Amino acid sequence: MPAYTLTVNGEPRQFEAESDTPLLWVLRDVLNLTGTKYGCGAGLCRACTIHLDGEASFSCQIPISAADGRSITTIEGLSPDRSHPLQQAWIEEDVPQCGYCQPGQIMSAAALLARTPAPSDAEIDAAMKSNLCRCGTYNRIRSAIHRAAKKKAENATAAAGAARTEASHHG
Amino acid sequence: MADPRSTAHDSLSRRRFLQISGGLGAGLVVSFLLPGCGREGAPGAGAREGAAADGEVNAYVRITPEGDVVLSIAKSEMGQGVLTSLAMLVAEELEVDWERVRSVHALADVDRYGKWSTGGSSSVRANFDAYRRAGAAARELLVAAACERWSVAREECRAENGEVVHAATDRRLAYAELAERAAALPAPEEPALKARADYRLIGKDVRRLDTPAKVDGSAIFGLDVRVPGMLVAQVVRPPDLGGKVRSFDPQAALAVPGVRAVVEIPNGVAVVANGFWAAQSGRRKLAVEWKPGPHADLDNAAVRSRCLAVVDEGIVARDDGDAEAAFAGAAHKLEALYEFPYLAHATLEPMNCTARVDDDGCELWVPSQSPTGAAETAAKITGLGPERIRVNTTLLGGGFGRRSAHDFVEDAVHLSKQMKAPVQVVYTREDDMKAGLYRPAGTNVMRGALDAEGWPLVWDQRIASPSIMRAKNWLSGMKDGIDMTAVEGVRNLPYAIPNVHVRWADVELPVSLHWWRSVGSSQNGWVTECFFDELCALGGKDPVEARMRLLAEHPRHRRALALAVEKAGYGEPLAEGRAHGVAVHESFGSIVAQIAEVSLAEDGAPRVHRVVCVVDCGEVVHPEGVRHQMESGITMGLSAALWGEVAIDKGRITTANFDTYPIARIDQMPRVESFVIAEGDPMGGIGEPGTPPIAGAIGNAILKLTGKPIRRLPLGRVAPTA
């Protein structure tokens, strides 16, 4: 079996796998990161969403041979302690029911917020419409994304304020 | 912070289990229940002999040395919130801080918890007393232990926030310090329960206990189980309904790296491998010759005609007045054919089970709605006694009824037995759709007539649909030869119509059946509510006014509908091209009224913008959980109403994945506003009653928009023309 190297959640990982193995199964069966879910195996439900070099991607459709040397973030690596604003917002809005699709939902939302800090409803629809939820948590997902966006903006303002205070002390 | 993985892997419980059973291999079971705690599920909360080394006070309550409260719940968490709502009941009586509470699935132990099945929207309403009693019994044991320590009387002490307090001397003892002694004391027979006015948790919006693990990837679903030495298997099933394996050649599959074996089991041919992808790759090379099934002519049209052929032969389920004579004599009449298709559950986590069968016994890790049924299945296959079978219930990535079946348990147990290694059986999405068990299809021949003033005079409904209860050989679900699920919501049609005739005919078809969220009501709510609106249209009546008049004897229905009308602004002008559709349906003891605001796209595809939902469930434990279930039930019903149909062609299920079995996406999701009525009526169910009305509400809005009813589900497929 060929050997591969990935950076997964900031850590270099080396392993052997058949070259056509989807990234999803490398994560779940080789690296034992089971937070990324299998739902359809066909790119239709996005339960397997991860970040590949920062872009939301469905890991069930990416053979490991196409990911060699690249950087992956999974739900386990989004934050060490559920402190990501989206994870906090998901808890605040009581989003999950069965919870199975939620890692994929959160990873799609995280990629959205990274490039669109204050998304409109239409932008949320466009970014999230491929992530299926059988329990119908969509309205709460929408609210949670808005909440996290607001929180991130507040944090940024506070950080900027702190930086200004710091600067004025030194000035 | 609680270990989020404890839901699936509670190592302390594991240790306790081994202590009490003497180890799986020994087959020795110590009787651990005290008198008064019988087999029949009485969560009488008896202490185990010699228990409490790990803080276990009774079967439901464990207090850790740090003072965390770990509650064992013998119902399956599939998103409906039982790990929270049932925990609330225990915690209410136990007098503990909700922030210290976590809940885990209990072991499937009939002696301690009775038979465990999760369904019928029954978990909270059937266990409202039992789980409160379990908490109260534990509380009394803890108080008794403190009284003993202090040599004071029970009346002088109270339980409060995880402590026992002796007010006169201002002494306090934490539960953690008392648990060990408490477990050794005799369990109280009838612990006092709180009065409603004293509830601190019940009826309040507490945080769900399972949320944190569900936002960081640590929640353990069935597919996330990893057992040392575990193999992964996919099972290839006959593609034809009624087909069988004739022969197979394993060589090409075995040549695939990582494939360990190709074996035949009763449900098909399994490719067993080191991991999912090797199993999948081996399966693609597997050559199986199938013996064709005997139903080559069967397709969706044939299902409809088979139903229609027998629809007049049904058994009478209700017969008020004289529908035949009244229909013959009426001036205004309506005849209609309403048809509904097979539906798949399509849980997002496909079916799976992990089994380890070895010399010590059999252990399962399974997302099951019926873990004790899974144990029985394993017992049948292995021949082992129940004391040597251990079932760990993981979280369920959706259930909706599907996970009360045991096909995936059979596969895993057979394979582990043959492979002499732990095996995780995984259904691919395609396996899950095609090897599924389905909500029955069926046909309704409807006849209605109006009196001279335009009010309904005759309701004649003849149903033909394959019987779930007959298929399951569940005779308690049959009454006078009638499958009660097939006529639910119709036999008890609430409208005051003088002549009502209902009959139901069974249909023998080779498609496997199963309970699907809200069962017969899932289609009957649509048929009855839409045909009612057709009669309203014929008589020139407003659908809400007509319901209010004909529900005179059903004040709870009227109250729910009136609140929905108010909240939706029914009757007020809507945006151009939109209409409100109304439906009311009672199921599982709860009454739900829904008003959907709908428009039609240029191609006629319905678009649902907003749904106002009112549920009267009598009494409420967790209001936010109820709203969750309304949102969830509506979404599932909406997907079914607009797109849900399992396709059959040439005797095979051809629906395979989400491209041909669409479920609602975020951009198709209406705004949902849910309101809960809980005025002290008998407690109703919550998991299912949100589903039945939505198809009717959407259908009725379309009728209003187009003047033309759509009488075959799914509504989105038969595109209406505006």
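Would you pick out the residues in the range A:71-91 that are surrounded by 17 or more Cβ atoms within 10 Å (Cβ to Cβ) and of a type in the set (D, E, K, R)? A:GLU76, A:ARG82, listed by residue number.
Tell me, yes or no, whether the range B:292-303 has at least one residue that is in contact (Cβ under 8 Å) with a residue 24 or more places away in the chain, out of contact with any Asp or Glu (no Cβ under 6 Å at 6 or more places or on another chain) and among the polar types (S, T, N, Q). Yes, because at least one residue in the range B:292-303 is in contact (Cβ under 8 Å) with a residue 24 or more places away in the chain, out of contact with any Asp or Glu (no Cβ under 6 Å at 6 or more places or on another chain) and among the polar types (S, T, N, Q). Annotation: of all residues in the range B:465-484 being without any contact (Cβ under 8 Å) to a residue 12 or more places away in the chain, surrounded by fewer than 17 Cβ atoms within 10 Å (Cβ to Cβ) and of a type outside the set (Gly, Ala, Ser), the one that is farthest from B:TYR438 (Cα to Cα) is B:LYS479.
Residues of the range A:92-107 being surrounded by 24 or more Cβ atoms within 10 Å (Cβ to Cβ), at the interface with chain B (Cβ under 8 Å from one of its Cβ atoms) and either without any contact (Cβ under 8 Å) to a residue 60 or more places away in the chain or in a loop (DSSP other than H, G, I, E, B) (or both), which ones? Matches in the range A:92-107: A:VAL95, A:PRO96, A:GLN97, A:CYS98, A:GLY99, A:TYR100, A:CYS101, A:GLN102, A:ILE106.
Taking the criterion of being touching a Lys or Arg at 6+ places or on another chain (Cβ under 9 Å) and surrounded by fewer than 18 Cβ atoms within 10 Å (Cβ to Cβ), the residues of the range B:227-238 that qualify are B:VAL227, B:GLY229. For the range B:686-709, a tally of residues being touching a residue at least 60 places away in the same chain (Cβ under 8 Å), closer than 23 Å to B:ASN524 by Cβ and surrounded by fewer than 24 Cβ atoms within 10 Å (Cβ to Cβ) returns 3. Is it fair to say B:TRP290 is under 30 Å from A:ALA109 (Cα atoms) and either over 26 Å from the mean Cα position of the chain (by Cα) or assigned to a strand (DSSP E or B) (or both)? So B:TRP290 does not fit the description; no. Take the conditions (1) surrounded by fewer than 22 Cβ atoms within 10 Å (Cβ to Cβ); (2) outside any strand (DSSP E or B); (3) of a type in the set (A, V, I, L, M); B:ALA336 misses just one of them, which is (2).
Summed over the range B:367-385, the residues that are surrounded by fewer than 22 Cβ atoms within 10 Å (Cβ to Cβ), of a type in the set (A, V, I, L, M) and either part of a loop (DSSP other than H, G, I, E, B) or touching a Ser or Thr at 6+ places or on another chain (Cβ under 8 Å) (or both) give a count of 1. Among the residues making up the range B:262-276, those that are away from chain A (no Cβ under 14 Å) and of a type outside the set (Val, Ile, Thr) are B:GLU264, B:PRO266, B:ASN267, B:GLY268, B:ALA270.
On the stretch given as the range B:92-129, residues that are over 20 Å from the mean Cα position of the chain (by Cα) and either surrounded by fewer than 20 Cβ atoms within 10 Å (Cβ to Cβ) or more than 30 Å from B:CYS362 (Cα to Cα) (or both) total 13.
Residues that are among the β-branched types (Val, Ile, Thr), in contact with a helix residue (DSSP H, G or I) (Cβ under 6 Å, 6 or more places away or on another chain), within 12 Å of another protein chain (Cβ to nearest Cβ) and in a helix (DSSP H, G or I) do occur in the range B:662-669. Filter the range B:589-611 for residues that are assigned to a loop (DSSP other than H, G, I, E, B) and touching a residue at least 12 places away in the same chain (Cβ under 8 Å); which is nearest to the other protein chains (Cβ to nearest Cβ)? Here the residue is B:ALA605.
Reported count of residues in the range B:472-486, each being part of a loop (DSSP other than H, G, I, E, B) and under 19 Å from the mean Cα position of the chain (by Cα), is 4. Checked against the criterion of being among the β-branched types (Val, Ile, Thr) and within 13 Å of chain A (Cβ to nearest Cβ), the range B:612-625 contains not a single residue that satisfies it. Taking each residue of the range A:134-146 that is within 7 Å of chain B (Cβ to nearest Cβ) and looking for partners that are basic (Lys, Arg) with beta-carbon atoms closer than 9 Å, six or more apart or interchain, yields A:TYR138/B:ARG665; A:ASN139/B:ARG671.
The requirement of being in a loop (DSSP other than H, G, I, E, B) and surrounded by fewer than 24 Cβ atoms within 10 Å (Cβ to Cβ) is fulfilled nowhere in the range B:386-404; no residue meets it. Taken together, A:ALA118, A:ALA110, A:ALA66, A:ALA114 contain a single residue that is of a type in the set (A, V, I, L, M, F, W, C), surrounded by fewer than 24 Cβ atoms within 10 Å (Cβ to Cβ), away from chain B (no Cβ under 12 Å) and under 12 Å from the mean Cα position of the chain (by Cα), which is A:ALA114.
Readers should treat all values here as calculations from the given coordinates under stated rules, not as data from a laboratory. Model, not experiment: these values are computed from the prediction. Every residue, glycine as well, gets a Cβ built from its backbone with ideal geometry; the counts of neighbours run over all protein chains shown.
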